[in-house]
Amino acid sequence: MDLRCAAASLADDEPLAGSAPTDRRWLFLEQPGPWGRKALRESRLPESARAHLAGLRDVRVQLLRRPGARAPLPGEVTPARVVVAHLDDGEAPRVWSATLPSADAVTGVDPHDPEGSGLLLHRDDAEPLWLVCTNGSRDLCCAELGRPVAAALAARWPEGTWETTHLGGHRFSGTLLALPSGLALGRVGADDAVAVAEAVMAGALPPGRVRGRAGRSAPEQVAELAARERLGLAHDVPLAVRREELPPLRVEGQAEAQAGAQAEAQAGAQAGAQAGAQADARAEAQAEGQREVLRVVDPGGAFAATVHLSSTVAPRLGSCGDARAKPATSWHADHVRLDRGGETC
């Protein structure tokens, strides 16, 4: 078997945090037929539905199907579920849904005004939706690892589980999006999928499975997760994240570490062509690295956290279809300073 991107990412110990999709508004439409790599164009959607969805602005469009669903027969008209999610930063995530008489009825759905389009708000006491990426035409890992995850979840939550076309981060398969929380998960297996989902329902952050909260930027995702880990908070506690105009914190030992990395790069450049190429890659990654300072705030005023982050750039096999590794950015929380009731801890 050829090397799979998910196995390469796991072997490289690539961080999950900060890899969740950043889109804030989503529309999911049920279409159980086969999906191509470009699912919206390469599917059996009616042309009217395809044109409407392609014309939406500032909305991420995905297709849905039930695990194991059969494709409709030629000319067969079937009901279609539509789900709209608003994962706006600074607001509580909201989800609306409805069952349409057919897929082409989506032309009457405005994802910016779901209630005006007749969709119903997801109740707080309703079960979450589990959306699992399974599109093997886009990446083999999504099919090989995602479909068993979807099957396992569907056995436990048959009404809440769907396969979907693309959640980004193929190399973190199996990947899924939990709604309405917006929590994105990765490296979920069929053997632990139900336990991971039950942990999310209980308000926990399953170790080694959390990519971040969809709808936020990568640094915001990492800052939020770092503050929650420092405080031991569950993900369903509402937190706000904003950029701080502060100089980067000089972490003790950082200058020495950078000097050591530079010395290592110089030594590698003298060791031969292959070692020199590796040193060049490290130098490029260091040059492209960024720094951010973000403030994570409890709206109730109980605490605030200042999170200092840095990024690294390293070559990764982003998808099984990639012929070579490409630069990929990972964000890291270097330091978290907590303020409780005016005191720093």
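Scanning region 8-33 for residues that are without any contact (Cβ under 8 Å) to a residue 60 or more places away in the chain and surrounded by fewer than 20 Cβ atoms within 10 Å (Cβ to Cβ) turns up A11, D13, G33.
Taken over region 294-345, the residue count meeting the criterion of being in contact with a Lys or Arg (Cβ under 6 Å, 6 or more places away or on another chain) and without any contact (Cβ under 8 Å) to a residue 12 or more places away in the chain is 1. Please work out if A285 is surrounded by 14 or more Cβ atoms within 10 Å (Cβ to Cβ), among the hydrophobic types (A, V, I, L, M, F, W, C), in contact with a Lys or Arg (Cβ under 7 Å, 6 or more places away or on another chain) and at pLDDT below 90. Here the answer is no, as A285 does not meet what is asked. Scanning region 135-147 for any residue that is of a type in the set (S, T, N, Q), touching a strand residue (DSSP E or B) at 6+ places or on another chain (Cβ under 7 Å) and either closer than 13 Å to A20 by Cβ or touching a residue at least 40 places away in the same chain (Cβ under 8 Å) (or both) turns up nothing. Kindly state which strands (runs of 3 or more DSSP E) lie completely within region 133-227 and contain at least 3 residues that are not β-branched (V, I, T). It comes to 176-179, 183-185, 210-213.
R44: farther than 26 Å from T22 by Cα, surrounded by 14 or more Cβ atoms within 10 Å (Cβ to Cβ) and among the basic types (K, R), yes or no?
Yes.
Of all residues in region 52-81, exactly one satisfies the criterion of being farther than 20 Å from G168 by Cβ, in contact with a strand residue (DSSP E or B) (Cβ under 7 Å, 6 or more places away or on another chain), assigned to a loop (DSSP other than H, G, I, E, B) and charged (D, E, K, R), namely R66.
In region 196-203 there is at least one residue that is within 30 Å of R230 (Cα to Cα), open to solvent by less than 30 Å² (accessible area, probe 1.4 Å), in contact with a strand residue (DSSP E or B) (Cβ under 7 Å, 6 or more places away or on another chain) and not β-branched (V, I, T). If you go through region 88-134 and keep only what is closer than 30 Å to A152 by Cα, more than 18 Å from the chain's Cα centre (by Cα) and hydroxyl-bearing (S, T, Y), you end up with S97, T99, S102. Residues that are hydroxyl-bearing (S, T, Y) and out of contact with any strand residue (DSSP E or B) (no Cβ under 9 Å at 6 or more places or on another chain) are absent from region 110-122 altogether. Only one of the numbered conditions (1) more than 23 Å from S319 (Cβ to Cβ); (2) over 18 Å from the mean Cα position of the chain (by Cα) is violated by L179, and that is (2). Criterion applied to L177, L153 was being closer than 26 Å to R41 by Cβ and either open to solvent by 50 Å² or more (accessible area, probe 1.4 Å) or of a type outside the set (D, E, K, R) (or both), and the one residue passing it is L177. Taking region 118-148 as the range and being open to solvent by less than 20 Å² (accessible area, probe 1.4 Å) and among the polar types (S, T, N, Q) as the test, the residues that pass are T134, N135. Checking each residue in region 209-245 for being under 19 Å from L176 (Cβ atoms), open to solvent by 50 Å² or more (accessible area, probe 1.4 Å) and either in contact with a Phe, Trp or Tyr (Cβ under 7 Å, 6 or more places away or on another chain) or in contact (Cβ under 8 Å) with a residue 60 or more places away in the chain (or both) picks out only R209.
The lone criterion from (1) surrounded by fewer than 17 Cβ atoms within 10 Å (Cβ to Cβ); (2) modelled with pLDDT under 95 left unmet by E115 is number (2).
Take E159 and decide whether it is out of contact with any Pro (no Cβ under 6 Å at 6 or more places or on another chain), surrounded by fewer than 19 Cβ atoms within 10 Å (Cβ to Cβ) and farther than 25 Å from E224 by Cβ.
Yes: the conditions hold for E159.
The values are calculated or read from the model by the stated rules, or taken from the named source; none is laboratory data. Everything quoted here is computed from the prediction, not taken from an experiment. Glycine also receives a Cβ, built like all others from the backbone with ideal geometry; neighbour counts cover every protein chain displayed. Side chains included, ligands, DNA and RNA excluded: accessible areas come from the protein's heavy atoms. Shrake-Rupley method; radii C 1.70, N 1.55, O 1.52, S 1.80 Å.
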